Amino acid sequence: LALLMLCAASAAAFSPSSSPLLPRLRLSSFCPVACPQACQPARERSKASLVMMAKGKKPTSSDKVQVILKGNVDGVGKQNEVLRVNIGYYNNFLRPKALADIISDEEVEVMVAKHKEELAQKKQEAEELASEVKKLGDIVLLRKVGKGNQIFGSVTNKQIIEEVSKKSGGKVQLSAKMKWEIPEVSGLGEYSASVQVHPEVT
């Protein structure tokens, strides 16, 4: 992937053509961060949902109904989870507190399909990002050094992010929220670092 080179910075202005380049810090393949959150319901339901039973059948509290949780419910499930609960529990607790909505099998299918599309889109964007980073080549950081070419301070993901953005003209944007692995850097040299931009892209 891109390479990060640590070079000594003199008091005079730095000139790439005249200053020697020491070993470089290589940025390994970039992969996207953040696994997407659980998909949102296909649509918000503003009207209260009442459980209807077939004509001639009297509903009982033990009958089940399929619902989607609108938030985390202790002992029941997490937000956007689809499950079956007793009608009595839904009518007496979940519905009055706006914690769940009734959802049909057809709506679940739509929700799942939409979620898959979103995941595919995020993966594609991550692959494009990784490709753009690789095209940048070496990433060079200028640092002041002391005795034994020891640098002052440390190398952080923020510094690398800024250099990547600068070199790409602002087209490539990484995030500190991504999963970074940066070695401890104490002097000039060539180092390998990596950032995960997506769980399935390396």
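Starting from the Cα-Cα distance between E162 and L142, subtract it from 0.36 nm times their residue separation and give me the gain in nm to one decimal.
Working it through step by step, the gained length comes to 5.9 nm.
Using 1/(1 + (r/R0)^6) with R0 = 45 angstrom and r between the beta carbons of K135 and Y89, what's the FRET efficiency to the nearest 0.05?
0.20
How do D74, D105 rank by accessible surface area computed with a 1.4 Å probe, from largest to smallest?
D74, D105
Using DSSP to define loop residues, name the chymotrypsin sites (Phe, Trp or Tyr not before Pro) in segment 72-156 whose beta-carbon has at most 11 other beta-carbon atoms within 10 Å.
On the way: sites: Y89, Y90, F93, F152; in loops: F152.
Here the sparse-neighbourhood loop sites are F152.
Ignoring ligands, DNA and RNA, how do V67, V140 rank by accessible area with a 1.4 Å probe, largest first? Kindly include the intermediate steps, with their values, before the conclusion.
Working: V67 0, V140 45 Å².
The ranking, largest first, comes out as V140, V67.
What does the charge count near K167 come to, summing +1 for each Lys or Arg and -1 for each Asp or Glu among other residues with Cβ under 13 Å from its Cβ?
Surrounding charge for K167 is 0.
List the GluC sites (Glu not before Pro) within segment 77-148 that DSSP assigns to loop and that have no more than 14 neighbouring Cβ atoms inside 10 Å.
For GluC sites (Glu not before Pro) across segment 77-148 that sit outside H, G, I, E and B with at most 14 neighbouring Cβ atoms in 10 Å, the list reads E81.
How much length would be gained if the chain were fully extended between V112 and K97, taking 0.36 nm per residue of separation minus their Cα-Cα distance, in nm to one decimal?
Details: separation 15, 0.36 × 15 = 5.40 nm, distance 2.55 nm.
Gain in length upon complete extension: 2.9 nm.
Bin width 10 Å, alpha-carbon pairs only: give the P(r) of segment 73-202 as whole percents, running from 0 to the bin holding the largest distance.
Histogram of Cα-Cα distances, whole percents per bin: 10, 26, 20, 15, 15, 10, 4, 0.
Can you pull out the trypsin sites (Lys or Arg not before Pro) in segment 168-202 whose DSSP state is coil and whose Cβ has at most 13 other Cβ atoms within 10 Å?
For trypsin sites (Lys or Arg not before Pro) across segment 168-202 that sit outside H, G, I, E and B with at most 13 neighbouring Cβ atoms in 10 Å, the list reads K171, K177.
Specify the inter-centroid distance of segment 147-202 and segment 68-139, based on alpha-carbon positions, in whole Å.
32 Å
The values are calculated or read from the model by the stated rules, or taken from the named source; none is laboratory data. As the structure is a prediction and not an experimental result, all values here were calculated from the model. Don't worry about glycine lacking a Cβ; one is built from the backbone with ideal geometry, like all the others, and counts go over all protein chains shown. Side chains are part of the model used for accessible areas, which takes the heavy atoms of the whole protein and leaves out ligands, DNA and RNA. Shrake-Rupley method; radii C 1.70, N 1.55, O 1.52, S 1.80 Å.
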